[in-house]
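K.L.:
Input: one structure, supplied below.
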């Protein structure tokens, strides 16, 4: 069972003092039978009190405020976590029995929230594709795997052409995007055939640099498989998530899992820097620790701009 130490730093710098900064963070790693959190530190400028609560989907969420004037706000999350390899669902249960189970649980709490269908113009076209996976005696898990492989094989991994607000019709049309887009499409496909599916935010931990998203934040999907539970599918890398995937939060879609968001009073001109370093037994060189994986500047206070949204459009796609 691998053990990882992950440091995630978010830093806002302002040209003039700002006040009344109110923020929400979802940087608390999930602690369950597949992921054991050994340690978690949250270090924030001016050491404000952080109120932590559990949201509707079971995620830990922190809220805090920095009232006094400040020119910089740094949020540093340091976690130590042990992960376990995922168990593949057994194939002994009859496919018909599994689909019958899904027809029942999809209308029950908490699965019904992960069955919400997105209205899209390409619904008939997408439906035709997903039905092509529904062969005789095909159980839900093999169907889900085929869908993840379809997204991996038919969509180009390409940065800069989508945003966190890009709708499924546009993603389907251009057949390209990044990890959050791949997850978005897979969510739609799974829910179309009655498999509850949820969005997952987290990290992929480095090994041989063969996976997209290593060493930064990442997104994938968890599908509910009858008589087994939730199992992760990473359509960006065409794999079942395992001991190299560290989960932060789950939700219906991206907006349920936003790592950092907030407001403040002051000029909108600012600079955002984000860095993520991951250790797996070998310390990361000090020079690497100081290098942001993302930097974005908002120059014109008169033009509305959201730097963290820009970051989420790009930083999940670091390779």
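Coordinate-derived values only; no laboratory data. Quantities reported herein were computed from a predicted structural model and do not represent experimental measurements. Here the Cβ is made from the backbone with ideal geometry for all residues, glycine too, and neighbour counts use every protein chain on show.
K.L.:
Helix-only estimate, please: 222 nm mean residue ellipticity of the chain, summing -39500 (n - 2.57) across DSSP H runs of length 4 or more and dividing by its residues, to the nearest 500.
P.N.:
-6000 deg cm²/dmol
K.L.:
Here is a follow-up. Return one number: the angle in degrees, 0 to 90 and rounded to the nearest 10, between the long axis of the Cα atoms of helix 179-192 and the longest principal axis of the Cα atoms of the chain.
P.N.:
30 degrees
K.L.:
For a paramagnetic label modelled at 7 Å from the Cα of residue 279 toward its Cβ, which residues of the range 39-82 fall within the zone defined by backbone nitrogen distances under 18 Å?
P.N.:
39-43, 76-82
K.L.:
Does the range 85-164 classify as rounded, prolate or oblate by the C-alpha gyration tensor (a ≥ b ≥ c root eigenvalues; a/c under 1.5 gives rounded; else a/b over b/c gives prolate, otherwise oblate)?
P.N.:
Note, shape of the range 85-164 comes out prolate.
K.L.:
How far is helix 140-154 tilted off the main Cα axis of the chain, in degrees rounded to 10, range 0 to 90?
P.N.:
60 degrees
K.L.:
In the chain, what percentage of the DSSP-assigned beta bridges are antiparallel, given to the nearest 5?
P.N.:
Percentage antiparallel, nearest 5: 95.
K.L.:
Output the 0 to 90 degree angle, nearest 10, between the alpha-carbon long axis of helix 95-105 and the longest principal axis computed from the alpha carbons of the chain.
P.N.:
Once rounded, the angle reads 50 degrees.
K.L.:
Hey, with R₀ at 30 Å, roughly what FRET efficiency would residue 50 and residue 116 work out to, going by the Cβ-Cβ distance, to 0.05?
P.N.:
It comes out at approximately 0.45.
K.L.:
What distance in nm separates the simple spin-label points at residue 107 and residue 86, each placed 7 Å from Cα in the Cβ direction?
P.N.:
The two pseudo-label positions are separated by 2.9 nm.
K.L.:
Quick check: the distance between the Cα centres of the range 216-269 and the range 1-31, to the nearest angstrom?
P.N.:
The range 216-269 and the range 1-31 have Cα centres separated by 16 Å.
K.L.:
In terms of the Cα gyration tensor, with a ≥ b ≥ c the square roots of its eigenvalues, is the range 205-274 rounded because a/c is under 1.5, prolate because a/b exceeds b/c, or oblate?
P.N.:
oblate
K.L.:
Now, a different point. Would you mind giving the average projected area, over all directions, of the Cα convex hull of the chain in nm² with one decimal?
P.N.:
Answer in nm², one decimal: 17.0.
K.L.:
Sticking with this one: Give the peptides 47-56, 70-79 in descending order of average Cβ contacts within 10 Å, highest first.
P.N.:
In descending order of packing, they fall as 70-79, 47-56.
K.L.:
Suppose R0 equals 22 Å; then what is the FRET efficiency for residue 72 and residue 42 from their Cβ-Cβ distance, rounded to the nearest 0.05?
P.N.:
The value I calculate is 0.85.
K.L.:
Another question, then. Need one number: nm distance between label points at residue 61 and residue 255, each 7 Å from Cα along Cα→Cβ, rounded to one decimal.
P.N.:
Distance between label points: 1.3 nm.
K.L.:
Oh, and also: How high is the relative contact order of the chain, given as a whole-number percent (alpha carbon pairs under 8 Å, six or more residues apart)?
P.N.:
25 percent
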